[in-house]
1. Going through 43, 90 one at a time, which residue ends up being loosely packed, with under 10 Cβ neighbours inside 10 Å and not hydroxyl-bearing (Ser, Thr, Tyr)?
2. Determine, yes or no, whether residue 13 is out of contact with any Ser or Thr (no Cβ under 6 Å at 6 or more places or on another chain) and exposed (fewer than 10 other Cβ atoms within 10 Å of the Cβ).
Amino acid sequence: MTRKQRKIAKIDSTYMKQYDAHVERQKKKKKRLHRRLVLFSIVVMITLGTITTYHLKQRMLHAQKEEQQVQLEEKLASLKKEEKDLSQEVELLNDEEYVLQIAKTNYFFSKEGEVIFKLPEEDLSY
């Protein structure tokens with residue numbers, strides 16, 4: 001079936017003019033609402049993207065800082081061990097007998113009338 005074009009004349013009354021104006025206002029209102037919703041959605045998406053990017057950067061920075069903290073704690077432990085070793089060495093160097101022993105072995109220091117023989121430190125192969 002083919003549609004017949006209807007020739008309907010609009011009634012030119014004040015009520016119809018008001019109704020047409022009302023329908024136009026509703027269309028404009030709906031269009032503005034749609035635009036506002038689209039704009040709000042764009043703003044929300046940009047905000048979420050920014051927050052997500054910031055969060056990821058902060059997580060990477062946190063991981064780097066934790067790694068750096070672990071390295072510094074290891075360095076601190078080694079420095080404390082070195083400090084302990086050095087303090088023990090200072091205590092030993094304050095002991096006169098220890099200093100004399102080092103002087104004899106490393107610098108061939110001897111008392112009067114004492115002879116020091118240096119023996120080679122070789123492994124015997126028999």
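1. On the way: 43 fails: loosely packed, with under 10 Cβ neighbours inside 10 Å.
On inspection, the qualifying residue turns out to be 90.
2. Values: out of contact with any Ser or Thr (no Cβ under 6 Å at 6 or more places or on another chain): yes; exposed (fewer than 10 other Cβ atoms within 10 Å of the Cβ): yes.
Answer is yes for this residue.
Here is a yes/no grid of residues against (1) loosely packed, with under 10 Cβ neighbours inside 10 Å; (2) of a type in the set (D, E, K, R); (3) in contact (Cβ under 8 Å) with a residue 40 or more places away in the chain:
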| site | (1), (2), (3) |
| --- | --- |
| 20 | no, yes, no |
| 26 | no, no, no |
| 32 | no, yes, no |
| 35 | no, yes, no |
| 49 | no, no, no |
| 57 | no, yes, no |
| 63 | no, no, no |
| 94 | yes, no, no |
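Every read-out reported here was derived from the displayed coordinates using simple, explicitly stated rules and does not represent laboratory data. Predicted model only: the values in this text are computed from it and were never measured. Neighbour counts run over all protein chains shown; Cβ positions are idealised from the backbone, glycine included.
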